[in-house]
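The values are calculated or read from the model by the stated rules, or taken from the named source; none is laboratory data. All figures in this text were calculated on a predicted structure; none of them were measured in a lab. Please note: Cβ atoms are built from the backbone with ideal geometry, for glycine as well, and neighbour counts cover all protein chains shown. The protein model used for the area step is the full one, side chains on, heavy atoms only, and it has no ligands, DNA or RNA in it. Shrake-Rupley method; radii C 1.70, N 1.55, O 1.52, S 1.80 Å.
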Amino acid sequence: PLVGINIAGAAATDTGVSPPFGGNIKRIFRGQNERALSGSGDMSFDDDFWAYDSGSTDVTWDDYSMEPKRCMIYKNKHVIAFDLFGKGHNQCRKKKQGTYLMDVGLFAKAYVGQKQVDYGLQGNDYDLPDALDYMECTAVEYNDVYYYAKLGCSSAGGLKVLAYTDEYCTVEVGTNIGLYNDIKISFNVCQTCVSWPAESTDDYSNADDDEEDEIELDDNFENYHMYDSKLCGAAAQYQQSCGWGCKKEVKKALSSSASSSKRAWGGFEKFCLFLWSVTAIALIWVVLKQRRMMSREDAIVEEAAMNGLGLKKRHVFPLALGIIFFVLFAMFMVWKKLTWLLLIGTNVGLFAHFVFLRRKAKKSGAGGDGYVKDAGLEIS
């Protein structure tokens with residue numbers, strides 16, 4: 001019979017087995033500690049990397065989820081920081097078990113292994129990325145020059161195949177050697193340690209030969225799959241602890257990444273910038289057209305009001321150029337709040353001025369006052 005026990009502290013010592021990440025780990029005892037490697041298959045890159053997985057049923061990985069945070073350089077090593085969450089985490093919002101580090105190459109290998117399992121359970125194939133060939137420092141030739149390549153972290157916090165001049169990959173160079181990372185890790189996204197096949201994929205039709213294929217599962221798949229996670233299992237084996245200083249560096253890197261994203265215009269923001277800019281140009285045109293129909297009396301009243309503020313009509317054009325310059329400069333510097341304030345404020349001001357001129361024109365027309373062409377555009 002199955003017996004579920006929460007192992008912590010002394011209980012873990014009694015069993016002689018320590019939880020892989022520390023803390024409370026749910027353990028299941030079946031009278032034996034072996035299982036088939038459910039869903040693993042014969043991966044083309046299986047080697048000693050997976051030797052730790054002896055079919056243990058110690059950890060119910062189905063209860064856990066992981067959230068990769070960022071690829072970063074910590075103590076001169078390229079690592080990936082990730083958070084682990086326990087049962088009842090509500091999409092990685094609570095029940096955080098801790099923050100850990102893992103070598104970028106090892107994490108990438110485990111991540112691809114998990115993807116191959118997940119895709120296979122849905123009846124699909126996940127192609128092996130070329131970037132896995134550069135988990136270790138590898139000699140390459142580019143334009144008749146020899147370099148060394150290794151998978152590492154980019155300045156943006158993602159993965160990148162880096163170029164080096166030495167066989168130990170310690171002296172990095174910025175030369176483009178024609179190698180690109182094709183491992184797409186979803187950072188800051190909650191990912192379950194164990195995925196299950198959809199019921200609709202038990203049998204599916206092949207459109208090429210109209211033959212019905214069936215996803216092959218282990219005989220004990222339903223009983224053992226909950227303990228099988230390529231990603232989280234490898235993370236438990238190869239993880240490094242992340243102390244206070246490490247967590248501070250991770251937080252700093254995430255803050256820097258968030259700041260960089262805020263310092264760039266998004267697609268929707270660019271559309272809004274274009275829309276408000278075109279609207280401002282259109283409003284300038286209709287305002288100028290309306291001013292050409294101002295009466296001489298209204299033009300004199302307006303000029304007197306401007307003189308009271310210490311302004312003359314000849315100052316309007318330089319002021320307008322100044323506003324346009326500041327709007328364009330704020331756009332270039334990605335000063336978002338100032339840009340929206342100037343751009344939207346200009347549109348509101350132009351629209352209000354147009355409404356004012358329109359109402360004055362209607363009143364003057366009703367009173368029988370004649371219009372003097374370009375009276376509102378004369379410069380004193």
**Asked** Which pairs, out of Lys184/Lys230; Lys270/Lys360; Lys75/Lys109; Lys115/Lys247, put more than 25 Å between their alpha-carbon atoms?
**Response** Lys270/Lys360; Lys115/Lys247
**Request:** Sort the following peptides by mean Cβ neighbour count (other Cβ atoms within 10 Å, averaged over residues), highest first: 74-80, 149-155, 243-249.
**Result:** 149-155, 74-80, 243-249
**Complete:** Here, chymotrypsin sites (Phe, Trp or Tyr not before Pro) of the stretch 279-351 satisfying both criteria (DSSP loop; at most 16 other Cβ within 10 Å) are Trp335
**Message:** Please compute the length gained on full extension between Phe351 and Asn223, using 0.36 nm multiplied by the number of residues separating them and subtracting their Cα-Cα distance.
**Reply:** 39.1 nm
**Item:** Label-to-label distance, nm, for residues given as Val278 and Tyr168 (7 Å Cα→Cβ offset)
**Value:** 6.0 nm
**Prompt:** With every protein chain kept in the model, how would you rank Met293, Met333, Met135 by accessible area, 1.4 Å probe, largest at the top?
**Reply:** Met293, Met333, Met135
**Prompt:** Based on the Cβ-Cβ distance from Val286 to Ser255, what FRET efficiency comes out when R0 is 56 Å, to the nearest 0.05?
**Reply:** 0.80
**Asked** So which GluC sites (Glu not before Pro) in the stretch 127-185 are both in a DSSP loop and have at most 15 other Cβ atoms within 10 Å of their Cβ?
**Response** Glu136, Glu167
**Fill in**
Per its Cα gyration tensor (rounded if a/c is under 1.5, else prolate when a/b beats b/c, else oblate), the stretch 40-191 is best filed as prolate
**Request:** Compute the label zone of Asn143 within the stretch 154-198: residues whose backbone N is under 20 Å from the point 7 Å along Cα-to-Cβ.
**Result:** 161-166, 171-181
**Request:** With a/c under 1.5 counting as rounded, go ahead and sort the stretch 267-335 into rounded, prolate or oblate using the C-alpha gyration tensor (a ≥ b ≥ c being the square roots of the eigenvalues; past the cut-off, prolate if a/b is larger than b/c, else oblate).
**Result:** oblate
**Prompt:** When only DSSP loop residues count, what chymotrypsin sites (Phe, Trp or Tyr not before Pro) in the stretch 134-191 have their Cβ near at most 13 other Cβ atoms within 10 Å?
**Reply:** Tyr168, Tyr180
**Prompt:** Once both labels are modelled 7 Å past Cα along the beta-carbon direction, what's the Tyr180-Phe268 spacing in nm?
**Reply:** 2.9 nm
**Message:** Give the lysines whose C-alpha is closer than 19 Å to that of Lys363, dropping any in the same chain fewer than 8 places away, or say none.
**Reply:** Lys289, Lys373
**Message:** Using only the heavy atoms of the protein chains and a 1.4 Å probe, how would Val189, Val348, Val59, Val173 rank by accessible area, largest first?
**Reply:** Val348, Val189, Val173, Val59
